[in-house]
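Asker: Got a structure here, written out as structure tokens. Questions coming.
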Amino acid sequence: MKNFIGALLLVVFFGGIEAKAQSLENPGLPQNELKLNIFNTIINGSLELGYEHFLDQNQSIGLGMTFMDRFAYVSDQGEGKDFQATSATLSYNYYFVTESNPSGIYVFPFLKYRGGSFTEVLEDVGTVETSMNSFIIGFGAGYKWVHNDKFALGPYISLARGFNDEVSDRFEPVEFNGGFTIGFRF
């Protein structure tokens with residue numbers, strides 16, 4: 001996990017150096033966005049925080065962390081069920097926007113690493129723990145409304161495939177996710 005996070009930070013750092021050189025062409029556009037997925041916070045009780053660094057008006061590199069992460073929208077409600085997972089996501093975001101209209105559709109391929117476990121108490125077996133440690137690859141799309149080049153909000157959906165047989169046996173190999181982010185650009 002430490003190696004994965006270190007690699008993500010290097011990609012963001014070196015991408016940021018390249019972006020600084022490119023962004024000098026139009027210094028008025030924001031170069032960064034901090035965001036919160038408010039939908040998952042309300043529905044799942046997960047805390048999903050994100051950061052995007054814009055390479056230009058149509059491209060960005062994103063880094064996200066999800067605390068109290070869960071597999072898709074599988075309910076952990078009920079006695080004896082508990083998700084204990086955290087994930088890190090690296091994405092490339094492409095926006096179909098123009099300078100005169102910064103709001104629009106975007107798409108994003110991504111890589112994700114989830115670490116942690118899911119435990120449940122079964123009547124016949126007792127306590128069963130499923131390792132949630134896995135690499136995940138996926139693709140998503142969304143829409144962002146941008147106001148005054150400062151505030152951004154909008155929905156997104158994504159599909160992803162995890163590469164952990166234990167998770168695939170307990171849940172499904174394909175994971176659906178979605179959300180509604182609220183962000184601040186600077």
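Asker: Yes or no: the stretch 128-136 includes at least one residue that is under 26 Å from residue 105 (Cβ atoms), without any contact (Cβ under 8 Å) to a residue 60 or more places away in the chain and not hydrophobic (A, V, I, L, M, F, W, C).
Answerer: no
Asker: Within the stretch 26-58, which residues are open to solvent by less than 30 Å² (accessible area, probe 1.4 Å), in contact with a strand residue (DSSP E or B) (Cβ under 6 Å, 6 or more places away or on another chain) and either free of Cβ contacts under 8 Å to residues at least 40 places away in the same chain or hydroxyl-bearing (Ser, Thr, Tyr) (or both)?
Answerer: 46, 54
Asker: Could you please let me know if residue 128 is over 14 Å from residue 103 (Cβ atoms) and in a helix (DSSP H, G or I)? Outline the logic, then answer.
Answerer: Numbers: over 14 Å from residue 103 (Cβ atoms): yes; in a helix (DSSP H, G or I): no.
Considered against the rule, which asks whether it is over 14 Å from residue 103 (Cβ atoms) and in a helix (DSSP H, G or I), residue 128 comes out as no.
Asker: Sticking with this one: What's the total number of residues in the stretch 123-146 that are closer than 27 Å to residue 161 by Cβ and either surrounded by 16 or more Cβ atoms within 10 Å (Cβ to Cβ) or not acidic (Asp, Glu) (or both)? Full working, then the answer.
Answerer: Our first condition is that a residue be closer than 27 Å to residue 161 by Cβ; within the stretch 123-146, this holds for 128-144.
Now narrow it down to the ones that are either surrounded by 16 or more Cβ atoms within 10 Å (Cβ to Cβ) or not acidic (Asp, Glu) (or both): 128, 130-144.
Final tally of qualifying residues: 16.
Asker: Any residue in the stretch 171-184 that is without any contact (Cβ under 8 Å) to a residue 60 or more places away in the chain sitting within a Cβ distance under 7 Å of a residue that is open to solvent by 40 Å² or more (accessible area, probe 1.4 Å)? List the pairs, counting only those 6 or more apart or interchain.
Answerer: From residues that are without any contact (Cβ under 8 Å) to a residue 60 or more places away in the chain, the pairs are 173/161; 174/159; 174/161.
Asker: Separate question: Out of the stretch 167-186, which residues are open to solvent by 30 Å² or more (accessible area, probe 1.4 Å), assigned to a strand (DSSP E or B) and out of contact with any Ser or Thr (no Cβ under 8 Å at 6 or more places or on another chain)?
Answerer: 174, 180, 182, 184
Asker: Can you pull out the residues in the stretch 130-186 that are at pLDDT below 95, over 18 Å from residue 47 (Cα atoms) and aliphatic (A, V, I, L, M)?
Answerer: 167, 174
Asker: Report yes if residue 73 is over 13 Å from the mean Cα position of the chain (by Cα), surrounded by fewer than 18 Cβ atoms within 10 Å (Cβ to Cβ), closer than 24 Å to residue 107 by Cβ and among the hydroxyl-bearing types (Ser, Thr, Tyr), otherwise no.
Answerer: Judged against the criteria, residue 73 is a match.
Asker: Looking at the stretch 80-118, which of its residues are within 17 Å of the chain's Cα centre (by Cα), among the hydrophobic types (A, V, I, L, M, F, W, C) and within 28 Å of residue 130 (Cβ to Cβ)?
Answerer: Answer for the stretch 80-118, where residues must be within 17 Å of the chain's Cα centre (by Cα), among the hydrophobic types (A, V, I, L, M, F, W, C) and within 28 Å of residue 130 (Cβ to Cβ): 85, 88, 90, 108, 110, 111.
Asker: Quick check: is even one residue across the stretch 157-166 under 20 Å from residue 51 (Cβ atoms) and not in a loop (DSSP other than H, G, I, E, B)? Spell out the reasoning first.
Answerer: Of all residues in the stretch 157-166, those under 20 Å from residue 51 (Cβ atoms) come to 158, 160.
Those left that are additionally not in a loop (DSSP other than H, G, I, E, B): 158, 160.
Within the stretch 157-166 (the criterion being under 20 Å from residue 51 (Cβ atoms) and not in a loop (DSSP other than H, G, I, E, B)), the answer is yes, since at least one residue qualifies.
Asker: Would you pick out the residues in the stretch 26-41 that are at pLDDT below 95 and under 16 Å from the mean Cα position of the chain (by Cα)?
Answerer: Residues satisfying the conditions are 39, 40, 41.
Asker: Same structure again: Return the pairs, sorted by first residue and then second, in which the second residue is in a strand (DSSP E or B) and polar (S, T, N, Q), the first residue lies in the stretch 79-99 and is under 30 Å from residue 120 (Cβ atoms), the beta carbons are less than 6 Å apart, and the residues are 6+ apart or on different chains.
Answerer: Going by the 6 Å Cβ cut-off, the qualifying pairs are 82/119; 84/117; 87/66.
Per-residue answers, yes or no, for (1) farther than 23 Å from residue 148 by Cα; (2) at pLDDT 90 or above; (3) touching a Gly at 6+ places or on another chain (Cβ under 6 Å); (4) not aliphatic (A, V, I, L, M):
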{"position": "72", "(1), (2), (3), (4)": "yes, no, no, no"}
{"position": "76", "(1), (2), (3), (4)": "yes, no, no, yes"}
{"position": "79", "(1), (2), (3), (4)": "yes, no, no, yes"}
{"position": "91", "(1), (2), (3), (4)": "yes, yes, yes, yes"}
{"position": "96", "(1), (2), (3), (4)": "no, yes, yes, yes"}
{"position": "103", "(1), (2), (3), (4)": "no, yes, no, yes"}
{"position": "109", "(1), (2), (3), (4)": "yes, yes, no, yes"}
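The values are calculated or read from the model by the stated rules, or taken from the named source; none is laboratory data. The structure displayed is predicted, hence computed values, not measured ones. Because the Cβ atoms are built from the backbone with ideal geometry, glycine has one as well, and the counts that use them run over all protein chains shown. Heads up: the accessible areas ignore ligands, DNA and RNA and are worked out on the full protein's heavy atoms, side chains in. Shrake-Rupley method; radii C 1.70, N 1.55, O 1.52, S 1.80 Å.
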